[in-house]
Structure formats: C-alpha cells, structure tokens
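The values are calculated or read from the model by the stated rules, or taken from the named source; none is laboratory data. Model, not experiment: these values are computed from the prediction. Neighbour counts are summed over all protein chains in view; Cβ atoms, including those assigned to glycine, are modelled from backbone coordinates with ideal geometry.
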C-alpha cells in the first residue's frame, strides 16, 4: 500500500516488481489493501495509483466499485467542506476578522488529484484577540461552540467539524520568533508540529505525512530560513526523522538515509488515521470524555520516550498545556 | 429539462460509476461509456432529446435515427434514476 501511495505522489510509473505482486494478489489481498488505504485515509491516492497501473493488472470488480463509490464520497464531502469553509470565512470577514486556513485546501492543491485528498475537519487560525468575536458570531448564527482541551474552539456547521485555533503552531506557545503566518515556512513548521503532536499521542496516519512530504518537496523558499524556523520551533531533530521516513517510504530514493524511521512506521501502521485504529482505541472513542482522555493519556505516556527523543521541549510544553486545560475544565 | 447538477460520474480503469443524490441516501449505478459521456456533458445543463442525439452523433458518429432512439432511451433512464430537474 505504501508503495502505491509513493507512486501516486511521485507520478512515476510503477516498477515491474509492484505490477507482478499486484497481479498475484487474490481477492482477500485486494480487500486488505483497500482496508489499509481507508485506515490511513489515503484512498484517493490509492485510487490515483491503481488508475495509472498498466492494463495487465486486473483490479477485481467489487474493489473497483468500492473505490469509485469512496472517491465519489470524498468528492462530495470535499464540496461540502468547501461550502462550509466559504460560509464561515464570509461570516468572519464581514466582522473584520483575519482568518487563516490551516492545512486542508492548501495541502490538497499539491496532490496529483487535489479533489481526492480526504478532508476531515476545517482548521482555522484566528488571532487570539479575535476568539471571543468568533465565539459570538458562530453562536449568533446558530452553531454552538465548545472549548477543546488543546485550547481551540470546536464547532459543527452542517455536519462539518470546525477547529478554530488561537495558535498557528501545534505545541509551541511562543510564536514571536517563528515565521510570519501564513508563509510557506510557517505552514511547514505547523505540518511537522501537527504530525508530532499526534504521533506523540494516540497516533498519526499516512495522509498527514503525505501532506508534509508534498509541502516540503514543493517548497520554493529559502531552505536555510526553513531550517532556522524548524530549529527555532524545537523541531529540527523531529523534522530530520520525518524526512527520513518520507525518504524511506515515500521518496524517490528509498532507503537512502541512515536515520532509522521504523518507530514512526510502527505508529503509522498500528494506529492509522490519528491512531483511531490502534488496539482498543475505537472502544475508548465511544466512551465517556473521562475514559477517552484517560486512554489518550496512557497512549501519550507510552510514547513519551519517542516524543522526548525528537522534540523534548515541545513535548513538555504540550503535556503542561494539556494538563492545565484539562484540570481547568 | 435540466440534468441534476449533483449527479456524478467517477471513472476508473474503463469502468464508470454514476451516483445520484436522493433524500437521505446516495444511489450508485455502473454505467457504460456513452452514458457516462452524456452525464459529463449535460450535468447541470438544460437539454432536449435533440441535444442529446446531436452529442451522440458528434462523439460516436452513429446514424441519426439511432442517435434519436438512444437519446430517448437515455432520457427514460435519467427519469427513472431521478436525475431530471424541471
């Protein structure tokens, strides 16, 4: 599955060994591949990759139909997300609030088929002094707003979750010395920090890493300034690890690094999208808020050595911030 | 008559799937290439049987009589699938 995602991202013709191994797949093997693509929310990339395969690879009819139905669902959901995004941005703009869209549409634009990137929620950044206005505007429009433990506001508009952040960078609270929002450097720092936040908690899936890989590969700014931004954010070592993963599994020259990225691979493979498919996680997501938070805490503690190894300062800040916000609420 | 702008075609390795939004659910059908072509062409647009026949003539070069007969059959299916808007 990883190899198919790699081919989709690179737009390269599939190697003959991949074609041969797909030709040898039985129905169960195809179903497993599709299931893994779903777990990692990269069904769109999987679809793109399979669509480009030579005709001698026969994709079973039921897999083809399931894939087409899923891609249609992605296209429809993305259209709804765009509509809600536009509604909310107009609402904020009419009140004079400056808003930045985090991830989502900017990431999708870098995909081989932008419409096929699965969008989850809408992440928006609003300057901290605008948060109260946001709360008032959404409530007045009939959309109740809740506080999230990570200090953002949560809202649901027409079935689409909106996460309104008062900090652009996950983990980091002091952004004065970081790149100006929304520069390409700021976006990459944020994408790397976001992956770390989830990898150090319940888990992270392949889609988030694909977002980073594409943004990093297509970055056209000053690489030195970008490196400095990662260093200032305390992400230098983490980004080295992340890039090793990208190079090993999604890059043009696999296994060309000496940095071992197998631990991140374990996290991605075991939990899938935001760790939702990790052992016991689905059960905890259906339970009370306290049990869910306890489950998250256990997972964070188990990944503490991993997180401390790559971003100790950010990890400690995140723990402190989450503890403060959870105790405070 | 206008073809529902919310119906969609997804193509994959020579197969074509049509999805039509119905209240509370989504209906999907596997369709052939010419059907998919016509949905692509007329989705969200006003059309007559003559427009469809002309599109079939242009694209596939079939005899006019057959194009008109096929256009009627396609419109009947679009009606059956609930894809036609007033």
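Looking for something buried (at least 21 other Cβ atoms within 10 Å of the Cβ) and within 23 Å of residue A:118 (Cα to Cα) - is there at least one such residue anywhere in segment A:49-58?
Residues of segment A:49-58 buried (at least 21 other Cβ atoms within 10 Å of the Cβ): A:49-50.
Still in the list and also within 23 Å of residue A:118 (Cα to Cα): A:49-50.
Yes, segment A:49-58 contains a residue that is buried (at least 21 other Cβ atoms within 10 Å of the Cβ) and within 23 Å of residue A:118 (Cα to Cα).
Note on segment A:282-298: residues that are farther than 19 Å from residue A:147 by Cα and touching a helix residue (DSSP H, G or I) at 6+ places or on another chain (Cβ under 6 Å) total 2. All conditions but one from (1) within 14 Å of chain B (Cβ to nearest Cβ); (2) out of contact with any strand residue (DSSP E or B) (no Cβ under 6 Å at 6 or more places or on another chain); (3) buried (at least 16 other Cβ atoms within 10 Å of the Cβ) apply to residue A:91; the one that does not is (1).
Since residue A:77 meets every condition but one in (1) more than 8 Å from chain B (Cβ to nearest Cβ); (2) in contact with a strand residue (DSSP E or B) (Cβ under 9 Å, 6 or more places away or on another chain); (3) in a loop (DSSP other than H, G, I, E, B), which condition does it not meet? Checking residue A:77 against (1) more than 8 Å from chain B (Cβ to nearest Cβ); (2) in contact with a strand residue (DSSP E or B) (Cβ under 9 Å, 6 or more places away or on another chain); (3) in a loop (DSSP other than H, G, I, E, B), the one that fails is (3). The set of residues in segment A:110-131 being modelled with pLDDT of 90 or more and exposed (fewer than 15 other Cβ atoms within 10 Å of the Cβ) consists of A:114, A:115. Within segment A:69-80, at least one residue is more than 30 Å from residue A:129 (Cα to Cα), free of Cβ contacts under 8 Å to residues at least 40 places away in the same chain and in contact with a helix residue (DSSP H, G or I) (Cβ under 8 Å, 6 or more places away or on another chain). In a residue-by-residue description of segment A:243-250, the property of being in contact (Cβ under 8 Å) with a residue 40 or more places away in the chain and either buried (at least 20 other Cβ atoms within 10 Å of the Cβ) or outside any helix (DSSP H, G or I) (or both) applies to at least one position.
Considering every residue within segment A:29-46, establish whether at least one is assigned to a loop (DSSP other than H, G, I, E, B), without any contact (Cβ under 8 Å) to a residue 40 or more places away in the chain and over 30 Å from residue B:5 (Cβ atoms). No.
Considering segment B:20-31 alone, what residues qualify as being without any contact (Cβ under 8 Å) to a residue 40 or more places away in the chain and within 21 Å of residue B:72 (Cα to Cα)?
Filtering segment B:20-31 down to residues without any contact (Cβ under 8 Å) to a residue 40 or more places away in the chain leaves B:21, B:23-26, B:28, B:30-31.
Answer for segment B:20-31, where residues must be without any contact (Cβ under 8 Å) to a residue 40 or more places away in the chain and within 21 Å of residue B:72 (Cα to Cα): B:30, B:31.
Starting from residues that are out of contact with any helix residue (DSSP H, G or I) (no Cβ under 7 Å at 6 or more places or on another chain) and part of a helix (DSSP H, G or I), keep the ones in segment A:132-142 and report whichever is surrounded by the most Cβ atoms within 10 Å (Cβ to Cβ).
Start the filter on segment A:132-142 by keeping residues that are out of contact with any helix residue (DSSP H, G or I) (no Cβ under 7 Å at 6 or more places or on another chain), which leaves A:132-133, A:135-136, A:138-140, A:142.
Keeping just the survivors that are part of a helix (DSSP H, G or I) gives A:132-133, A:135-136, A:138-140.
Values: A:132: 9, A:133: 14, A:135: 16, A:136: 12, A:138: 21, A:139: 12, A:140: 9.
My answer is A:138.
Restricting segment A:16-36 to residues that are within 14 Å of chain B (Cβ to nearest Cβ) and in contact with a helix residue (DSSP H, G or I) (Cβ under 8 Å, 6 or more places away or on another chain) leaves a set whose member that is nearest to residue A:204 (Cα to Cα) is A:34. Which is within 23 Å of residue B:8 (Cα to Cα), touching a strand residue (DSSP E or B) at 6+ places or on another chain (Cβ under 9 Å) and within 14 Å of chain B (Cβ to nearest Cβ), of A:51, A:62? Matching residue, one of A:51, A:62: A:51.
The criterion of at least 1 residues that are closer than 30 Å to residue A:54 by Cα and either out of contact with any helix residue (DSSP H, G or I) (no Cβ under 9 Å at 6 or more places or on another chain) or more than 14 Å from chain A (Cβ to nearest Cβ) (or both) is met, among helices (runs of 4 or more DSSP H) falling completely within chain B, by B:33-42, B:49-60.
Considering only residues in segment A:163-192 that are buried (at least 24 other Cβ atoms within 10 Å of the Cβ) and at pLDDT 90 or above, the one that is nearest to residue A:107 (Cα to Cα) turns out to be A:191. Among the candidates A:64, A:49, the residue that is in contact (Cβ under 8 Å) with a residue 24 or more places away in the chain and within 29 Å of the chain's Cα centre (by Cα) is uniquely A:49.
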